Structure formats: C-alpha cells, structure tokens
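The values are calculated or read from the model by the stated rules, or taken from the named source; none is laboratory data. Worth saying up front: this structure is predicted, and the values here are computed from it rather than measured. With ideal geometry, Cβ positions are generated from the backbone for all residues, glycine too; neighbour counts draw on all protein chains shown.
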Amino acid sequence: MSKLNVFSMFAGVGGFEVGLHKADMNYYKVLYQNQYEPSRKAQDAFDVLNYRFPNTETIGIDVAKIPNEKFEEMKNKGVNMIVGGFPCQDYSVAHTGAKGIEGKKGVLFWEIKRATEIIRPKYLILENVDRLLKSPTKQRGRDFAIMLKTFSDLNYSVEWRVINAADYGQPQRRRRLFFFVYRNDTKWGKSVNELLSKTSNELDSNSFEEYIYKKGLFARQFPIIQEPFKNRIAEYTLPLDIVEISDKFTGTVYNTGIMSKGKYYTIDTKPLGNEKPTTLGQIIQPENEVDERYFLTDEEKLNKFKYLRGPKKLERTAANGHKYFYSEGGMSPYDSLDLPGRTMLTSEGSINRSTHLLYINNRYRLLTPIEAERMQTFPDDWTKYGKTTTGEVREISPRMRMFFMGNALVTGIVERIGIELKRIDMELKK
C-alpha cells in the first residue's frame, strides 16, 4: 500500500513520477497529474502522460483553472505530497527580458501556494533553475525570499540545494535548484525546528550548519564538503509583511540553505567530488542503431556548426541606437565522449551553439531521442508514444521528443531524493 500519495504539478512528461517510481513505486503513488501548455494547440506532453500513466488522473487544463473543489478532492483522497518543476522561463538567464516572479509564467508559483493551502501536504519537492536564487537582477534574492515567506506563512519550512547532476553520478552537467518543503507540525518538522532553535527568538547558527552539513535530506543523500566555500555564509530574518519583501528586500542566497519560522541561513557549498559521473560515451547508442537522419553529411550544416561553436565578436545595435560589440568564446568543435553531457536545452533538436555534436568513427551526428532520454535518465523511448483524450495512440515527432528532454529534469536526482524522503518518512513512523 502506498505511503505517500502524490499530486504532480506542471508534470511535463513525468520526470518526477519516473524518479519517485524508481525510488520505490510501492511507496510513492501518483494519484493526480496536471499538464497543460497554453501556447500550444497540440498537448503532446499531456498525451505522453496519458499513455504512460493510465491509472493516474491527468488533468489537462491550465493549472489556474483547476477549481478549489478539485484540490479539496485530492485532500480527501489522501494526497499528502506535491511535486513539480514549475515553469522557469522567467528566471532563466536563457530567457531574454526575464521578469522573475512577476513574469507571465513566474506567477504560476501562486498556484502552488493555492494547492498547498487547500491540500496541506506533509511534503513538497519542487525544482527550478538556480537563477531563481538571484532573481530579479535589480533586487537580488527578492523572488526567492517571497517564496520562503509564503511557505513560512503557511507553516512550512524549506530546505534547498543547487545540485549539478554530474556531481552525483548522472550523465549530464545540469545544475538545478531543488526545494524540500515540509509542514512544521509533522514529526519531521517538529524534530528539525527543535534542532534549529534554542529558543523561539534565537537563530542558532551552529544548529543550522549541523542540519545543512549532516542532518538535512540533501546532506544525507548528496554529501558536501563540511565547510563553506570562501567562507560564504549569510543569515536573514524575513520581514513580517510580504509586501515589504516585494518592495524593499534584497538578500544573498547561496546554493544551500534552510528556512525555518521566517529565518533563513545559507551557505555556499561544494560537493565532496567522490562520485564518478556517467559519461556521454557510456550512454550513446551503437552506430548500427542510429537512424541515418541523425548523421550530418551536408557541408553547409557542418560549417554552420563550426561557426556557431567558434569564437566570435559581433557588432550589435541596442534599441536606443547605441552600437556595441558582443563577444563569444570558442568551444570544442564537438562534444567529448569522456565527459557527461552538457546541459541540454529545449533547442536540442535544432542546429545551434548549444546542440550536442558527436564525432564518432569519422562521422558527425546529432543526439537521438533515446540518447536525450538517457541524458535525463528516462527509460528508452519513454516519449515515443502519446495517447489523446479520444483514446488514439500516436507517435510523437523526434523534434518534440528532444524539446521534452530539454525541458525535463534528471530523474536520477529525483530518485535519490525519493530514497532519502522515504527513509525520513519511515523513521517518523517508528
């Protein structure tokens, strides 16, 4: 029987679900999923979920249009955990004109708040780009502080860590911010808050560091060097008024930290570096399994790659008419098979500077959809088929499959989070 019943928000093609099921599919049961992309007519990701999770209720509407009554239903059905890689375009350095939490997609965080208010889950596991810690540019740390304050007002604490998947054995150099959010009145919440506070009015720095280095979920599953990098430590007490945070707050947020009762303590940490990553060479398909469409024989395309990956200095003109030079350093002419893959983007299926280019047996080629899935540690051909709301099973285009993977997360990291959360949850039942 399932121990943790899950609602997956912004589910994509099911990265959280895959990771949690790899951790223990009997302990984690996904009861509900939500996936909808308002800018697209075809809901391909929804169709993949519909195909892969026939026993899960997949809600294919805008999350903002899910009625409160549906969240009440989830609560009554025993949902006690929410997961989600909420849309990150407005925090990403790859998104021109990022507006942070005020952006069109940034406001979707408030749907997480609404679901949490009604369902009152024991835990949330959330994911975003690490840029969020410094968003927005003109008021560093404000957006993240608003999120911390929001959870604090709902009686939750938050632990966070920026994890580079390759540092922990995965086949991709992908840095992502993970949140472990837990309700303060759970056994875990009570035990942590007892550790962190000598009195209700005192921030006990030593106890915060003990949690960050040794006792927290991330510390236990993703070990780090037991001292701050370059002595970078910061602590803050958040203002009582969230409007004041929005208007005035600026603060430092490092890659690791913990917030409890409106106080946060953050440290710049480094991984131990004792886990050997999986290399690109270990996950690529044998040449005889690769369709000829992925091999590059067109000299024009190869020259374009050479130009895109080479150094350049280009004159550009700003909106106000000011001319300036944009410089870009060179990169390797093709990707090393002896290293984990670079961060995969949604543009992976096109010819651009960030696209992976392989050179094997004197032939250049692109990644296949299966190799892209392996970089994100999904099962092979996970995204090959979708099932429409009318029951039609259809094949997903290779280009869309690459887009999915550029938008996904490394399920192996979620698997390890799931393993540790199960240990925590079971410890509390003893």
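What single numbered condition from (1) assigned to a helix (DSSP H, G or I); (2) outside the structural domain of residue 296 (by TED's automatic domain parsing) fails to hold for residue 394?
(1)
Where the second residue is crowded, with 23+ Cβ neighbours inside 10 Å and hydroxyl-bearing (Ser, Thr, Tyr) and the first is touching a residue at least 12 places away in the same chain (Cβ under 8 Å) and under 12 Å from residue 195 (Cα atoms) and lies in the stretch 212-225, which pairs have Cβ atoms under 7 Å and are six or more apart or on separate chains?
212/256
I need the full set of residues from the stretch 1-21 which are β-branched (Val, Ile, Thr) and within 16 Å of residue 124 (Cβ to Cβ), in order please. Before you say what the answer is, go through the steps one by one.
Initial filter on the stretch 1-21 (β-branched (Val, Ile, Thr)): 6, 13, 18.
Scanning the stretch 1-21 gives a single hit, 6.
From the list 159, 117, pick out the single residue that is more than 19 Å from the chain's Cα centre (by Cα), touching a residue at least 12 places away in the same chain (Cβ under 8 Å) and either under 26 Å from residue 426 (Cα atoms) or crowded, with 24+ Cβ neighbours inside 10 Å (or both).
Numbers: 159 fails: more than 19 Å from the chain's Cα centre (by Cα).
Going through 159, 117 in turn, the sole match is 117.
Kindly list, by first and then second residue, each pair from a residue in the stretch 309-332 that is under 22 Å from residue 357 (Cβ atoms) to a residue that is surrounded by 10 or more Cβ atoms within 10 Å (Cβ to Cβ) and among the acidic types (Asp, Glu), limited to pairs with Cβ atoms under 7 Å and residues at least 6 apart or on different chains.
Partner pairs satisfying both residue conditions: 311/328; 312/328.
In the stretch 239-267, which residues are part of a loop (DSSP other than H, G, I, E, B) and in contact with a strand residue (DSSP E or B) (Cβ under 7 Å, 6 or more places away or on another chain)?
Initially, the stretch 239-267 is screened for residues part of a loop (DSSP other than H, G, I, E, B), giving 239-241, 249-255, 261-262.
Residues satisfying the conditions are 251, 252, 253, 254, 255, 262.
Within the stretch 17-34, does at least one residue satisfy the condition of being touching an Asp or Glu at 6+ places or on another chain (Cβ under 6 Å), at pLDDT 95 or above, hydrophobic (A, V, I, L, M, F, W, C) and more than 19 Å from residue 405 (Cβ to Cβ)? Walk me through how you get there before you give the answer.
Our first condition is that a residue be touching an Asp or Glu at 6+ places or on another chain (Cβ under 6 Å); within the stretch 17-34, this holds for 19, 22-23, 30, 32.
Now narrow it down to the ones that are at pLDDT 95 or above: 19, 22-23, 30, 32.
From what's left, hydrophobic (A, V, I, L, M, F, W, C): 23, 30.
If we keep only those that are more than 19 Å from residue 405 (Cβ to Cβ) as well, we get 23, 30.
Yes, because at least one residue in the stretch 17-34 is touching an Asp or Glu at 6+ places or on another chain (Cβ under 6 Å), at pLDDT 95 or above, hydrophobic (A, V, I, L, M, F, W, C) and more than 19 Å from residue 405 (Cβ to Cβ).
Can you pull out every residue in the stretch 41-57 that is surrounded by fewer than 18 Cβ atoms within 10 Å (Cβ to Cβ) and outside any loop (DSSP other than H, G, I, E, B)?
Result: 57, single match.
Results for (1) under 24 Å from the mean Cα position of the chain (by Cα); (2) closer than 30 Å to residue 238 by Cβ, shown as yes or no for each residue.
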site	(1), (2)
264	yes, yes
267	yes, yes
282	yes, no
291	no, no
316	no, no
332	no, no
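Please enumerate the residues belonging to the stretch 7-45 that are without any contact (Cβ under 8 Å) to a residue 24 or more places away in the chain and under 22 Å from residue 111 (Cα atoms).
Start the filter on the stretch 7-45 by keeping residues that are without any contact (Cβ under 8 Å) to a residue 24 or more places away in the chain, which leaves 21, 25, 37, 39-43.
The answer is 37, 39, 40, 43.
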